[in-house]
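Below is one structure, written out as structure tokens; comments come after it.
The values are calculated or read from the model by the stated rules, or taken from the named source; none is laboratory data. Fair warning: this is a prediction, and the values are worked out from it, not measured in the lab. Glycine also receives a Cβ, built like all others from the backbone with ideal geometry; neighbour counts cover every protein chain displayed. Surface areas here come from the heavy atoms of the whole protein model, side chains and all, with no ligands, DNA or RNA. Shrake-Rupley method; radii C 1.70, N 1.55, O 1.52, S 1.80 Å.
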Amino acid sequence: MKVGIVGFPRAGKSTVFNALTGLHASVGGYGDPGKPNLGAIKVPDTRIDRLSAIFTPRKTTYAEVVFVDFPGSGERSDSVVDQATLVQMRDADALAQVVRGFPDPVTQDAADPARDIETFKGELVLADLAIVEKRLERLRKEKGKEQEVELLERCRVALEAETPLRRIALSAAEERALSGFGLLSRLPLLVVVNVAESAAAAPLAAAVLARLEADAVPALALCAQIEMEIAALEPADRAAFLADLGLTESARDRFVQTAYALLDLISFLTTGEDEVRAWPIRRGTPAVKAAGKIHSDIERGFIRAEVVAYDEFIRLGSEAKCREAGKLRLEGKEYVVQDGDIIHFRFNV
């Protein structure tokens, strides 16, 4: 799953990317102007920590989220997102908009996060409106596409009212019908306000919260420069550094967990002496499709899933005791996997 890091120039996108990934991408727009930076980050999961301590496996594998730092879009801090960047953004599963919360380092203009959030929303809405109107123009010359026309007309009305498409209710079939258009305002959005060090532990301003609440967009504040320094520290030194800033948890952990939830992902777990692993899947995934995450042969030859909830396993202490207590269940193909299910798949190919 890919989360695209986006925003206007000099907001600190690449610094945020470095803070999250521990990589060293060029900052300040000096890297390859057309090439995004890629980095995969493990999703913190205390359940995997606990299970790994119990099973002492040869390998422990956490769920991962891939972050993409898209290239800048010009020199002006409020410049329109260019067409090349818009095309690259359509490859993301969700977007994280980095918003400047400090004076512009070039112009010294004061920060205005609420304005930048609104402006960026407008950019995405206009880009989507152009796609929808072009498709509608073509459909008017065809027959037998009445359902698609009706759906796109609903989208057009919403976009003309400056409503992101993630805010309109769509059926599963309608979601599938729109999936090929690359509509950016449909993507889940997280706003990251990049603040000065002095505001690292401060709450977001009321105007920013009001702007976000109006569009039901989650947000978090961080000081990317400080977080980049924290990411470079030894784990034992990080807690003391965070405490000095008045923080209890790194923004990296908060960001990754928020992004994971934003994608509507959950994890099912597998255990054993070889490996303890978290497998990310979309919420609502049936057991047979979850099996396919491990291997296509398991999906093809699916027989049953042996399932125990993580909390029950920890409470009872072993698979044998879960079986004795009736907490280990056999589920079929259509069972909807729950977050934290520990699963062993029975299959035959």
Query raised in the report: Do you know which residues across the stretch 83-114 are open to solvent by 50 Å² or more (accessible area, probe 1.4 Å) and of a type in the set (Val, Ile, Thr)?
Result: VAL87, VAL106, THR107
Query raised in the report: If the Cβ limit is 8 Å and pairs must be 6+ apart or interchain, which residue in the stretch 291-308 that is modelled with pLDDT of 95 or more pairs with which residue that is exposed (fewer than 14 other Cβ atoms within 10 Å of the Cβ) and among the small types (Gly, Ala, Ser)?
Result: ARG304/GLY332; ALA305/GLY332
Report task. Could you tell me whether GLN225 is surrounded by 14 or more Cβ atoms within 10 Å (Cβ to Cβ), more than 28 Å from ILE54 (Cβ to Cβ) and of a type outside the set (A, V, I, L, M, F, W, C)? Result -> yes
Query raised in the report: Does THR271 meet the test of being under 22 Å from the mean Cα position of the chain (by Cα) and either within 23 Å of TYR62 (Cβ to Cβ) or buried (at least 21 other Cβ atoms within 10 Å of the Cβ) (or both)?
Result: no
Query raised in the report: Which ones in the stretch 180-197 are open to solvent by less than 50 Å² (accessible area, probe 1.4 Å) and either free of Cβ contacts under 8 Å to residues at least 40 places away in the same chain or small (Gly, Ala, Ser) (or both)?
Result: GLY182, SER185, ALA196
Query raised in the report: With respect to ALA177, is the statement that it is assigned to a helix (DSSP H, G or I), closer than 28 Å to ASP82 by Cα, without any contact (Cβ under 8 Å) to a residue 60 or more places away in the chain and over 20 Å from the mean Cα position of the chain (by Cα) true?
Result: yes
Query raised in the report: Is the stretch 310-323 home to any residue that is in contact (Cβ under 8 Å) with a residue 40 or more places away in the chain and closer than 30 Å to LEU187 by Cα?
Result: no
Report summary line: The residue that is least open to solvent (accessible area, probe 1.4 Å), considering only those in the stretch 229-251 that are among the hydrophobic types (A, V, I, L, M, F, W, C) and farther than 18 Å from SER198 by Cβ, is ALA231
Requested in this report: Read through the list (1) modelled with pLDDT of 85 or more; (2) outside any loop (DSSP other than H, G, I, E, B), then give the number of the only condition that LEU20 fails.
Outcome: (1)
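Pick from VAL308, VAL349, VAL276, VAL256: which is farther than 23 Å from LYS42 by Cβ and in contact with a strand residue (DSSP E or B) (Cβ under 8 Å, 6 or more places away or on another chain)?
VAL308
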Report task. Report, by residue number, each residue of the stretch 288-320 that is closer than 21 Å to THR61 by Cα, in a helix (DSSP H, G or I), among the β-branched types (Val, Ile, Thr) and open to solvent by less than 30 Å² (accessible area, probe 1.4 Å). Result -> ILE298
**Report entry** Test set (1) touching a residue at least 40 places away in the same chain (Cβ under 8 Å); (2) within 20 Å of ARG90 (Cβ to Cβ); (3) open to solvent by 40 Å² or more (accessible area, probe 1.4 Å) - LEU124 fails condition number
**Finding:** (3)
Query raised in the report: Taking into account only those residues within the stretch 325-340 that are in contact with a Lys or Arg (Cβ under 7 Å, 6 or more places away or on another chain) and part of a loop (DSSP other than H, G, I, E, B), which is most open to solvent (accessible area, probe 1.4 Å)?
Result: GLY332
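Name the single residue that is nearest to the chain's Cα centre (by Cα) among those in the stretch 34-54 being among the β-branched types (Val, Ile, Thr) and surrounded by fewer than 18 Cβ atoms within 10 Å (Cβ to Cβ). Break it down into steps so the answer makes sense when it comes.
Residues of the stretch 34-54 among the β-branched types (Val, Ile, Thr): 41, 43, 46, 48, 54.
When the remaining residues are screened for being surrounded by fewer than 18 Cβ atoms within 10 Å (Cβ to Cβ), the result is 46, 54.
Numbers: THR46: 19, ILE54: 30 Å.
Per the criteria, the residue is THR46.
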Query raised in the report: Filter the stretch 55-78 for residues that are β-branched (Val, Ile, Thr) and modelled with pLDDT under 95; which is farthest from the chain's Cα centre (by Cα)?
Result: VAL68
**Report entry** Test: ILE117 is surrounded by 14 or more Cβ atoms within 10 Å (Cβ to Cβ) and either part of a loop (DSSP other than H, G, I, E, B) or in contact with a Phe, Trp or Tyr (Cβ under 8 Å, 6 or more places away or on another chain) (or both)
**Finding:** no
Query raised in the report: Which of (1) open to solvent by less than 20 Å² (accessible area, probe 1.4 Å); (2) within 22 Å of ALA110 (Cβ to Cβ) does ALA210 not meet, given it meets every other one?
Result: (1)
